[in-house]
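Below you'll find the structure, written out as structure tokens, and then a few comments.
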Amino acid sequence: MIGIVLVTHGRIGNELISAAEHTFGRVSIKLEAFSVTATDSADTLEASLRERVRALDEGDGVLLLTDIYGATPANVAARMVIPGKVELVGGVNLPMLLRALNYRSLSIEDLANKALSGGLSGIVCASKEGNKETSR
């Protein structure tokens, strides 16, 4: 089973996991939040995240989901990427996480693509989807 780590500012990852559990019930193992705070050093973060990735990888790989690509959590996570083994997708949202949890049996490359498509398809403007309220 592919491990999933949400590498985010503060408790964003923890809250996304809570929301996923609200949707699915208890989420299976190999899913963790890795919180980054303003006081953490990059070297400490890298060492800790590298250990979490190593612990979660049972041979199928690890998917890293980060909140803002280019920010500290993503920059540290990017150092873990090994194509085909450890992949990174930025811009995590709940639809992305739910999609990733549903397709963990795919290859790591395909799972990264499913997560990306789930995140993108979860972003909508209600008035553009035909849900516009007509009464004012």
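The values are calculated or read from the model by the stated rules, or taken from the named source; none is laboratory data. As the structure is a computational prediction, the values presented were derived from the model and not from experiment. All Cβ positions, even for glycine, are placed from backbone atoms using ideal geometry, and neighbour counts span all protein chains on display.
Please work out which one of (1) touching a strand residue (DSSP E or B) at 6+ places or on another chain (Cβ under 7 Å); (2) assigned to a loop (DSSP other than H, G, I, E, B); (3) charged (D, E, K, R) is the condition ASP40 fails and give its number.
(1)
Pairs, please: C-beta under 7 Å, at least 6 apart or cross-chain, first residue in a loop (DSSP other than H, G, I, E, B) and in the stretch 1-19, second acidic (Asp, Glu) and at pLDDT below 95?
These pairs meet every condition: MET1/GLU58.
Residues checked against (1) free of Cβ contacts under 8 Å to residues at least 24 places away in the same chain; (2) hydrophobic (A, V, I, L, M, F, W, C); (3) surrounded by 20 or more Cβ atoms within 10 Å (Cβ to Cβ):
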| position | (1), (2), (3) |
| --- | --- |
| TYR69 | yes, no, no |
| PRO73 | no, no, yes |
| GLY84 | no, no, no |
| GLY91 | no, no, no |
| PRO95 | no, no, no |
| ASN102 | yes, no, no |
| GLY118 | yes, no, yes |
| CYS125 | yes, yes, no |
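Does the stretch 44-62 contain any residue that is assigned to a strand (DSSP E or B), out of contact with any Lys or Arg (no Cβ under 7 Å at 6 or more places or on another chain), at negative phi and touching a residue at least 24 places away in the same chain (Cβ under 8 Å)? If you could, list the steps in order and put the result at the bottom.
At the first step, the residues of the stretch 44-62 found to be assigned to a strand (DSSP E or B) are 62.
Then drop every residue that is not out of contact with any Lys or Arg (no Cβ under 7 Å at 6 or more places or on another chain), which leaves 62.
Restricting the remaining residues to those that are at negative phi gives 62.
Next cut, touching a residue at least 24 places away in the same chain (Cβ under 8 Å) only: 62.
Within the stretch 44-62, one or more residues are assigned to a strand (DSSP E or B), out of contact with any Lys or Arg (no Cβ under 7 Å at 6 or more places or on another chain), at negative phi and touching a residue at least 24 places away in the same chain (Cβ under 8 Å).
For SER107, only one of the following conditions fails: (1) crowded, with 17+ Cβ neighbours inside 10 Å; (2) farther than 19 Å from ALA33 by Cβ. What is its number?
Of (1) crowded, with 17+ Cβ neighbours inside 10 Å; (2) farther than 19 Å from ALA33 by Cβ, only one is false for SER107: (1).
For the stretch 71-107, name all the residues that are of a type in the set (A, V, I, L, M) and in a helix (DSSP H, G or I). First the steps, then the outcome.
Keep residues of the stretch 71-107 that are of a type in the set (A, V, I, L, M), which gives 71, 74, 76-78, 80-82, 86, 88-89, 92, 94, 96-98, 100-101, 106.
Within the stretch 71-107, ALA74, VAL76, ALA77, ALA78, LEU94, MET96, LEU97, LEU98, ALA100, LEU101 meet the criteria.
Taking the options LEU56, LEU101, name whichever one is over 11 Å from the mean Cα position of the chain (by Cα) and not small (Gly, Ala, Ser). If you could, list the steps in order and put the result at the bottom.
Details: LEU101 fails: over 11 Å from the mean Cα position of the chain (by Cα).
So the residue among LEU56, LEU101 that is over 11 Å from the mean Cα position of the chain (by Cα) and not small (Gly, Ala, Ser) is LEU56.
What single numbered condition from (1) within 22 Å of SER18 (Cα to Cα); (2) in contact with a helix residue (DSSP H, G or I) (Cβ under 6 Å, 6 or more places away or on another chain) fails to hold for ALA74?
Among (1) within 22 Å of SER18 (Cα to Cα); (2) in contact with a helix residue (DSSP H, G or I) (Cβ under 6 Å, 6 or more places away or on another chain), the lone unmet condition for ALA74 is (2).
Checking LYS30 against (1) closer than 21 Å to LEU94 by Cβ; (2) basic (Lys, Arg); (3) modelled with pLDDT of 95 or more: exactly one of these is not met. Which one?
The number of the failed condition is (3).
Quickly run through the stretch 1-23 and pick out the residues that are under 25 Å from GLU58 (Cα atoms) and among the polar types (S, T, N, Q).
THR8, ASN14, SER18
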